[in-house]
Amino acid sequence: MLELKNLCKAFPIRNAFGRKTGALQAVDNVSMTIAPGDIYGLAGESGSGKSTIARMIMGLETPDSGEILIDGRSIHDRSDGVAHGRRVQMVFQNPGSSLNPRRTVGQSVAVPLDAHGFPRSKRPARVATLLDMVQLPAAFAERYPHELSGGQKQRVAIARALAVEPKLLVLDEPTSALDVSVQAKVMDLLTDLGRQMGLTYLFISHDLSLMRNFAREVSVLYRGGIVESGTSDTVFGHPSHDYTRLLIASVPVISAEEAALRPVIPLIDGELPTPEQLIALRQAADRQA
Amino acid sequence: MTQMSLAPPEARRLSNAYQNWYRFSRNPTAVIGAAIVVVCILAALLAPFITPYPEHVGAVVNFRARHQPPSLTFWFGTDNVGRDIFTRTIYGMRISLLLAFVVLGTAVPIGTILGLLAGYFGGWTEAIIMRITDIALALPPLVMALAVAAVLSPDLVNSLLAIAALWWTWHTRLIYAITKQIRTQEFIEAAETLGASKFHILFREILPNCVSAIAVKTSLDCGFVILVGASLSFLGLGIQPPTPDLGTMVAQGAGFLPDFWWESVLPGLAILFVALGFNLLGDGLRDLFDVQEVR
Ligand SMILES: Nc1ncnc2c1ncn2[C@@H]1O[C@H](COP(=O)(O)OP(=O)(O)OP(=O)(O)O)[C@@H](O)[C@H]1O
Ligand SMILES: [Mg+2]
């Protein structure tokens with residue numbers, strides 16, 4: 001379905017005068033393959049390059065090198081005349097800013113219909129169907145975003161992304177701006193929709209417990225590079241990379257079973273070590289062994 | 001607000017309109033400004049029906065009634081050839097408003113479109129549009145109009161052209177700044193990934209976010225354009241006699257101060273009145289929309 005091959009992207013670092021003084025490697029040689037119908041998780045802390053990968057897949061950012069293939073074709077290959085936006089869509093992190101405050105919900109949901117030549121006369125019915133799909137009343141079409149709760153806004157964003165029936169949906173931290181109780185409902189909705197419509201998901205999050213429940217395959221990103229990937233159970237149950245262990249250790253636990261799954265991490269001055277410290281510790285231990 | 005979720009769509013739309021109206025009616029500045037503007041526009045439109053001596057608009061001479069002070073027959077008195085100043089003031093208002101509407105009717109759309117293009121596309125488009133804007137902004141409209149009037153002939157069309165040729169720059173600046181800020185927001189990127197056309201993004205996504213700022217700025221500008229137009233006429237470079245113009249009337253009346261004060265003071269107050277109305281309306285709208293960008 002989706003294949004990333006050796007994707008790289010660096011951003012220039014500029015000083016106060018706008019002169020380029022260096023480069024920040026935001027995405028470093030990332031490869032992954034997502035099978036059709038899969039729910040693929042991409043985990044990593046803030047700044048690890050998750051959104052940059054999502055933006056490159058959407059064509060909002062151009063990779064420095066590497067390839068992005070959807071169904072075996074490069075995303076820049078438009079020779080079959082199918083617009084990129086019909087194959088893949090994205091749900092943004094913050095539903096507060098991904099909906100235009102001056103346009104009604106109905107107008108926002110109709111944007112992709114408009115763009116892809118959906119017959120004008122059938123639009124209101126289609127908008128109603130889409131809202132129904134995300135469990136919102138059809139009357140919401142007349143509302144403005146400020147009249148909606150965060151969870152409702154994110155449902156609207158999901159309806160909009162699904163309007164032209166893409167097969168692949170990129171979810172960039174779709175619930176991180178929402179309350180925990182609302183999070184679960186939105187994730188349930190996504191699971192149901194995925195099953196009904198046969199969607200493939202690329203699910204991006206730094207919330208590991210959410211990812212463990214939702215994703216089947218997982219890659220862990222650290223400073224732009226993938227440090228570990230595999231099935232969700234393997235990666236979270238038997239993490240092989242220290243960074244993954246550190247990530248898991250920093251998740252607040254609820255049950256004793258979960259606590260038992262946690263790897264033991266040495267504390268430095270009573271605090272969790274940084275990834276660099278952790279890797280140094282591990283190397284020191286290896287040298288001694 | 002959330003309780004209304006089950007109301008039918010028409011009712012919701014009405015309730016939105018009602019809320020806006022309610023907020024407007026509680027804002028005294030906006031209400032007074034709007035009232036003054038409406039009175040001026042109605043007076044200008046209905047001038048032939050509400051003025052006592054519509055024939056005094058032309059080159060009528062009535063020397064027996066010259067320099068009459070305000071009275072029940074001549075509410076604002078008469079001028080040096082015996083024409084009714086009230087009649088001529090109302091007709092002058094007509095010219096002033098026409099001037100404002102023609103200038104802003106061209107300057108606002110041009111300025112808005114250029115601002116949207118420069119702000120959204122950036123790069124060369126931005127560089128070219130904004131450099132031209134900077135140059136034009138450096139020229140005061142009054143000076144530009146004086147120059148044009150001096151080179152060509154001093155008449156209404158030339159002054160209009162001169163003012164309109166500079167006025168769009170203010171709107172370009174404003175819309176450019178707003179667009180720059182809006183284009184980085186996620187809903188614009190969302191529209192791009194959804195496949196929306198550039199036209200859609202500029203006019204359906206960004207423009208609606210500029211409307212309140214445009215309304216405030218245009219309203220404030222109406223007052224300024226009227227003042228500039230009156231200044232031009234006062235200097236003899238605008239509307240030529242015998243067409244009644246407030247600026248020209250103030251200039252002519254000034255020659256008979258202080259004895260026949262009404263000949264310049266009353267048309268002057270009329271200028272003040274209409275300019276004040278537009279300014280109050282603009283300020284009121286700014287409070288209402290909570291727009292920060294404008295001036
Ligand atoms: N347009 C840009 N210009 C310069 N640097 C950028 C740009 N976009 C991202 N970066 C940098 O690239 C790195 C990766 O950013 P990215 O947004 O992909 O992180 P992320 O994993 O999505 O983080 P978060 O969880 O906070 O969303 C960060 O260090 C960020 O500062
Ligand atoms: Mg991100």
| For residues in the stretch A:20-69 being open to solvent by 50 Å² or more (accessible area, probe 1.4 Å), within 16 Å of ligand 2 (Cβ to nearest atom) and not in a strand (DSSP E or B), which is nearest to the other protein chains (Cβ to nearest Cβ)? | A:Arg55
| field | For B:Ala59: the one exception among (1) modelled with pLDDT of 80 or more; (2) surrounded by fewer than 16 Cβ atoms within 10 Å (Cβ to Cβ) | value | (1)
| said: So, A:Asp242, is that one modelled with pLDDT of 75 or more, surrounded by 11 or more Cβ atoms within 10 Å (Cβ to Cβ) and in contact with a Leu (Cβ under 9 Å, 6 or more places away or on another chain) or not? | reply: yes
| message | Between a residue in the stretch A:29-50 that is charged (D, E, K, R) and within 16 Å of ligand 1 (Cβ to nearest atom) and any residue that is open to solvent by 20 Å² or more (accessible area, probe 1.4 Å) and not in a loop (DSSP other than H, G, I, E, B), which pairs come within a Cβ distance under 9 Å, given they are 6 or more apart or on different chains? | response | A:Glu45/A:Tyr222; A:Glu45/A:Leu247; A:Glu45/A:Pro275
| Looking at the stretch A:183-192, is at least one residue farther than 26 Å from A:His241 by Cβ, within 16 Å of ligand 2 (Cβ to nearest atom) and within 14 Å of the chain's Cα centre (by Cα)? | no
| query | Which one is farthest from ligand 1 (Cβ to nearest atom) among residues in the stretch A:173-190 that are in a helix (DSSP H, G or I) and either within 12 Å of chain B (Cβ to nearest Cβ) or open to solvent by less than 20 Å² (accessible area, probe 1.4 Å) (or both)? | reply | A:Leu189
| task | Select from the stretch A:105-160 the residues that are of a type in the set (Asp, Glu) and surrounded by fewer than 18 Cβ atoms within 10 Å (Cβ to Cβ) and list them in ascending order. | result | A:Asp132
| Somewhere in the stretch B:193-204, is a residue at positive phi and modelled with pLDDT of 85 or more? | yes
| task | With the condition kept exactly as written, say whether any residue in the stretch B:214-236 is touching a residue at least 60 places away in the same chain (Cβ under 8 Å) and within 14 Å of another protein chain (Cβ to nearest Cβ). | result | yes
| query | Going by the conditions given, is B:Phe224 within 30 Å of A:Glu165 (Cα to Cα) and not in a loop (DSSP other than H, G, I, E, B)? | reply | no
| remark: A:Arg86: passes all of (1) within 10 Å of another protein chain (Cβ to nearest Cβ); (2) open to solvent by less than 60 Å² (accessible area, probe 1.4 Å) but (2)
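Yes/no per residue for (1) open to solvent by 20 Å² or more (accessible area, probe 1.4 Å); (2) of a type outside the set (Gly, Ala, Ser):
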| site | (1), (2) |
| --- | --- |
| B:Ile201 | no, yes |
| B:Leu227 | yes, yes |
| B:Phe234 | yes, yes |
| B:Gly238 | no, no |
| B:Leu257 | yes, yes |
| B:Glu263 | no, yes |
| B:Phe278 | no, yes |
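A quick yes/no check of all residues on (1) over 21 Å from A:Lys153 (Cβ atoms); (2) in a helix (DSSP H, G or I):
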residue: A:Asp192; (1), (2): no, yes
residue: A:Arg195; (1), (2): yes, yes
residue: A:Asn213; (1), (2): yes, yes
residue: A:Ser219; (1), (2): yes, no
residue: A:Ser229; (1), (2): yes, no
| task | Could you list, in sequence order, all residues of the stretch A:1-19 that are part of a strand (DSSP E or B) and of a type in the set (Gly, Ala, Ser)? | result | A:Ala10
| task | State whether the residues of the stretch A:66-76 include one that is within 12 Å of ligand 1 (Cβ to nearest atom) and at pLDDT 90 or above. | result | no
| request: Scan (1) open to solvent by less than 10 Å² (accessible area, probe 1.4 Å); (2) out of contact with any Phe, Trp or Tyr (no Cβ under 7 Å at 6 or more places or on another chain); (3) more than 16 Å from ligand 1 (Cβ to nearest atom); (4) under 26 Å from A:Val111 (Cβ atoms) for the single condition A:Val170 breaks and write down its number. | output: (3)
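Residue-by-condition table, conditions (1) farther than 30 Å from A:Val156 by Cβ; (2) in contact with a helix residue (DSSP H, G or I) (Cβ under 8 Å, 6 or more places away or on another chain):
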{"position": "A:Pro63", "(1), (2)": "yes, yes"}
{"position": "A:Glu67", "(1), (2)": "yes, no"}
{"position": "A:Arg86", "(1), (2)": "no, no"}
{"position": "A:Leu99", "(1), (2)": "no, yes"}
| task | Could you grab me the full set of residues in the stretch B:189-212 that are more than 23 Å from the chain's Cα centre (by Cα) and at the interface with chain A (Cβ under 8 Å from one of its Cβ atoms)? | result | B:Glu189, B:Ala190, B:Ala191, B:Glu192, B:Thr193, B:Leu194, B:Gly195, B:Ala196, B:Ser197, B:His200, B:Arg204, B:Glu205
| helices (runs of 4 or more DSSP H) lying entirely in the stretch B:121-211 (those with 2 or more residues that are under 30 Å from B:Leu235 (Cα atoms) and among the β-branched types (Val, Ile, Thr)) | B:123-137, B:141-151, B:156-183
| Residue count, the stretch B:123-174 (criterion: farther than 17 Å from B:Asp221 by Cβ, in contact with a Phe, Trp or Tyr (Cβ under 9 Å, 6 or more places away or on another chain) and of a type in the set (A, V, I, L, M)) | 2
| Just checking, which of A:Val156, A:Val170 is touching a residue at least 60 places away in the same chain (Cβ under 8 Å), at the interface with chain B (Cβ under 10 Å from one of its Cβ atoms) and under 18 Å from the mean Cα position of the chain (by Cα)? | A:Val170
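The values are calculated or read from the model by the stated rules, or taken from the named source; none is laboratory data. Note that the coordinates shown come from a computational prediction; the quantities given were computed from them, not determined experimentally. Because the Cβ atoms are built from the backbone with ideal geometry, glycine has one as well, and the counts that use them run over all protein chains shown. The protein model used for the area step is the full one, side chains on, heavy atoms only, and it has no ligands, DNA or RNA in it. Shrake-Rupley method; radii C 1.70, N 1.55, O 1.52, S 1.80 Å.
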